[in-house]
Structures are given as C-alpha cells and as structure tokens.
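Chemist: The structure follows.
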Amino acid sequence: MVRMGNAGVSSNSSPSSSLNSSSIFHNYPLISALVAFALAQSIKFFTTWYKEKRWDPKQLIGSGGMPSSHSATVTALAIAVGFQDGFGSSLFAASMIFASIVMYDAFGVRLHAGKQAEVLNQIMYELPAEHPLAETRPLRELLGHTPTQVVAGAMLGFFIASTAGLLKQASAD
C-alpha cells in the first residue's frame, strides 16, 4: 500500500520493504545507465590503445569517439524504464524524449561545434607570434559524434538494458 508521508513523498507501509525496494543498488534503470556509460567509455579507452598503441586515460572520461557514451547511457536508461514501468508509461515517454534530444545534440550541435573548433584552431595556428591571440590555448575539437557513433552507442545501451532486464527477471523467478 502506498501512502503520502508528511513531506508529500510516497512511501511503502512497511519500513523494511521501503529500504529494500528503494535501495539505489536495486535501481535497475540507474544501474543499466551507469553500466552502459562505463562500458562505452572503456571501449573508447581500449580502442585508442589498439589503434594508436598508447594508453590515453582521458578516454575514460572524455566526450566524442566510438561508441557514443551519451547515447549508450540515455538509451539504456529509457529502455530500462520501459521494461520496468511499461513502454506505455509517462516515465518511458519522458525518458525517450530525453534520449532523443541528447542523441540529436551529440551528432548535431556538438559535432558541428567540434568542427568549428577545428577551423578556429587552424586560424589561430596561422596567426603571427606577436598577435594577442597567438598564445591562446587550442579549443577542444572532439566534442560530438558521427551518426554511426550515436547508433553504436544506442545499440550498446539497448543491449545492456535488455540483458540487465533479463538478469533481473531471472533472479526474481
């Protein structure tokens, strides 16, 4: 039974069930999203090592690259919410809109901002040494993702959330 507490927050009638069901460690959508993010960032880290034969710790937290960790994270979140609360729920709808905006931003706005940074950096490199901006630190160029990187991230997020959902269901049976 759900009742409204003093602060207007709903809670379970049993204190022990409230502790178990609301534990952050049992939050399937959150865990799915965090695992998808960590896996996507790890893939970038090892891909950089494989391609360039060097370890780049920045890949563990940086943006850009294959696959899109932004896309993996928001897709895993939305799919896990859909499995948990139903694909017809308002929370799933909100999660999908959020995921769509993040993914559009990743391959649209941020990709183009990175391309602009690349052009601006080239202009700054060609400035004469006496120019006031000649010593300006270069702008970050790897900000966004190609559509392929976004789709790969979304597929990774879907796989993580689906696998976690199956594991959750199997453990409940």
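None of the figures in this text is laboratory data; all of them are computed from the coordinates on show. Just so we're clear, the structure is a prediction, and the values are computed from it rather than from any experiment. Note that we place each Cβ from the backbone using ideal geometry, even for glycine, and neighbour counts take in every protein chain shown.
Chemist: Got a sec? How would T48, T75 order by Cβ neighbour count within 10 Å, fewest to most?
Modeler: Fewest to most other Cβ atoms nearby, the residues stand as T48, T75.
Chemist: Taking R0 as 25 Å, what FRET efficiency do you get between S23 and A93 from their Cβ-Cβ distance, rounded to the nearest 0.05?
Modeler: E(calc), rounded to 0.05, equals 0.45.
Chemist: Calculate, in nm to one decimal, what D85 and A170 gain on full extension: separation in residues at 0.36 nm each, minus their alpha carbon distance.
Modeler: 28.9 nm
Chemist: If you stretched the chain out fully between T148 and K58, how much longer would it get, using 0.36 nm times the residue separation minus the C-alpha to C-alpha distance?
Modeler: 30.2 nm
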